[in-house]
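Below is one structure, written out as structure tokens; comments come after it.
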Amino acid sequence: MWPKSITAFFGGLALSVSIMLSLYLLTPFATDVKLLLGLIAGFLIWVGAMVYYFSYNSAKGCGIACIKLLLLSVAVNTFLFLTK
């Protein structure tokens, strides 16, 4: 249980930060609005990712799902960063 909990906690946190970076680069709002949006949406994404990761039976399955989604998000972030 603990390995899956730790993987879900840190994997969800990394995924949330990565997705919020993408949204920060895409939204045309002022900086303060972007930060508020990131704070609220980031927490919701983090909780959703943790619930999704807890649906797996093992820590290995949880880790593989986390890495897949994180790699996809990092690829999108890299593309957005290089095109700006």
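The values are calculated or read from the model by the stated rules, or taken from the named source; none is laboratory data. Remember, it's a predicted structure, so these values are computed and weren't measured experimentally. Note: ideal-geometry Cβ built from the backbone for every residue, glycine included; neighbour counts use all protein chains shown. Surface areas here come from the heavy atoms of the whole protein model, side chains and all, with no ligands, DNA or RNA. Shrake-Rupley method; radii C 1.70, N 1.55, O 1.52, S 1.80 Å.
Within segment 65-76, the only residue that satisfies the criterion of being loosely packed, with under 13 Cβ neighbours inside 10 Å, among the aliphatic types (A, V, I, L, M) and farther than 19 Å from Y24 by Cβ is L71. In segment 52-74, the residues that are under 13 Å from M1 (Cα atoms) form Cβ pairs under 7 Å with partners that are open to solvent by 70 Å² or more (accessible area, probe 1.4 Å) and in a helix (DSSP H, G or I), at six or more places apart or across chains, as follows: A59/P3.
Do we have any residue at all in segment 47-57 that's within 24 Å of T78 (Cβ to Cβ), open to solvent by 30 Å² or more (accessible area, probe 1.4 Å) and assigned to a helix (DSSP H, G or I)? Within segment 47-57 (the criterion being within 24 Å of T78 (Cβ to Cβ), open to solvent by 30 Å² or more (accessible area, probe 1.4 Å) and assigned to a helix (DSSP H, G or I)), the answer is yes, since at least one residue qualifies.
Against the condition open to solvent by less than 50 Å² (accessible area, probe 1.4 Å) and without any contact (Cβ under 8 Å) to a residue 24 or more places away in the chain, how does K34 come out, does it pass? The answer is yes for K34. Taking F79 as the residue in question, decide whether it is more than 30 Å from M1 (Cβ to Cβ), modelled with pLDDT of 90 or more and open to solvent by 80 Å² or more (accessible area, probe 1.4 Å). Judged against the criteria, F79 is a match.
Taken over segment 6-22, the criterion of being open to solvent by less than 50 Å² (accessible area, probe 1.4 Å) and either in contact (Cβ under 8 Å) with a residue 40 or more places away in the chain or outside any helix (DSSP H, G or I) (or both) is satisfied by T7, A8, G11, G12, A14, L15, S18, S22.
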